[in-house]
Amino acid sequence: METADATILDLIHGLKRQCTLKDESFFKKNDISQAEYNMFLCLKNCKHFNSYSVADKMQLSLSRVSRIIDKMVSKEYIKRTTNKTDRRAIDIKITAKGKKTLDSIITYRNNAEKLLLQQLSITESEEIKSNLKKLTNIL
């Protein structure tokens, strides 16, 4: 399909595909999954979290989040402890190894953003952000 004939959804899917290809290369190099990547982004601004808040923030079931946590604990990216006030709850804390991986994720994202912004004027960048926000709210 010619780009001129592409629908908005075609363009969104094409962009998603390109981003996925770049991300998969990064994931493979850093031995993380998409789910772990998303978990790291949830933990980015927190010293510790609990599984309930992570499940809510990631919009996943508690059982799915538990499996992601188990995998990340086994890779020593995070530590899991029982919550002192609610024994059914689990607190999650990022480890030094996890912090190093999170730092590489942040660097990867910042570099990707820089590459995009180098190709766009400030006006184009603001228009794209505005339109993407609008599309996000519509969808």
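Values in this text are rule-based calculations from the coordinates and carry no lab data. Here the structure is a predicted model, which is why all the values come from computation and not from measurement. Positions of Cβ are backbone-derived with ideal geometry, glycine not excepted, and every protein chain shown enters the neighbour counts.
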Notebook entry, point to check: About its Cα centre, how strong a charge dipole does the chain have in debye, to the nearest 20, once Lys and Arg get +1 and Asp and Glu get -1 at the Cβ?
Noted result: 1000 debye
Next item on the list: Compute the acute angle (0 to 90°) between the alpha-carbon long axis of helix 8-30 and the principal axis of greatest extent of the alpha-carbon atoms of the chain; round to the nearest 10°.
Entry: 50 degrees
Next item on the list: Round to the nearest 10 and give me the degree value, 0 to 90, for the angle of helix 62-74's Cα axis relative to the longest principal axis of the chain.
Entry: 80 degrees
Check: With Cβ to Cβ distances under 14 Å as the rule, what net charge do the other residues near Cys19 carry (K, R +1; D, E -1)?
Finding: +1
Notebook entry, point to check: When the Kirkwood radius is taken over all Cα pairs of the chain, what Stokes-Einstein diffusion coefficient follows at 20 °C and 1.002 mPa s, in µm²/s?
Noted result: 124 µm²/s
Check: Helix 96-118 sits at what angle to the longest principal axis of the chain, using alpha carbons and giving 0 to 90 degrees rounded to 10?
Finding: 10 degrees
Checklist line | Förster radius 22 Å - calculated FRET efficiency between Leu117 and Ala35 (Cβ-Cβ, nearest 0.05) | finding: 0.20
Note to self: Taking 35 Å as R0, compute the FRET efficiency from the Cβ-Cβ separation of Lys100 and Glu126 and round it to 0.05.
What the structure shows: 0.55
Next item on the list: Mind checking which of Leu139, Ala96, Ala35 is farthest towards the positive end of the chain's charge dipole, using Cβ charges of +1 (Lys, Arg) and -1 (Asp, Glu) about the Cα centre?
Entry: Ala96
Next item on the list: Please sort by residue number the trypsin sites (Lys or Arg not before Pro) in segment 56-118 whose DSSP state is loop and whose Cβ has at most 10 other Cβ atoms within 10 Å.
Entry: Lys84, Arg87, Arg88
Next item on the list: Averaging sequence separations of C-alpha pairs under 8 Å and six or more residues apart, then dividing by the length of segment 4-122, give the relative contact order as a whole percent.
Entry: 20 percent
Next item on the list: Over all alpha-carbon pairs of segment 65-139, lay out the pair-distance distribution in 5 Å bins, whole %, shortest bin first.
Entry: 3, 13, 13, 14, 12, 10, 12, 14, 6, 3, 1
Margin query: I need the calculated FRET efficiency for the pair Lys57 and Lys84, taking r as the beta carbon distance and R₀ as 22 Å, to the nearest 0.05.
Written below: 0.50
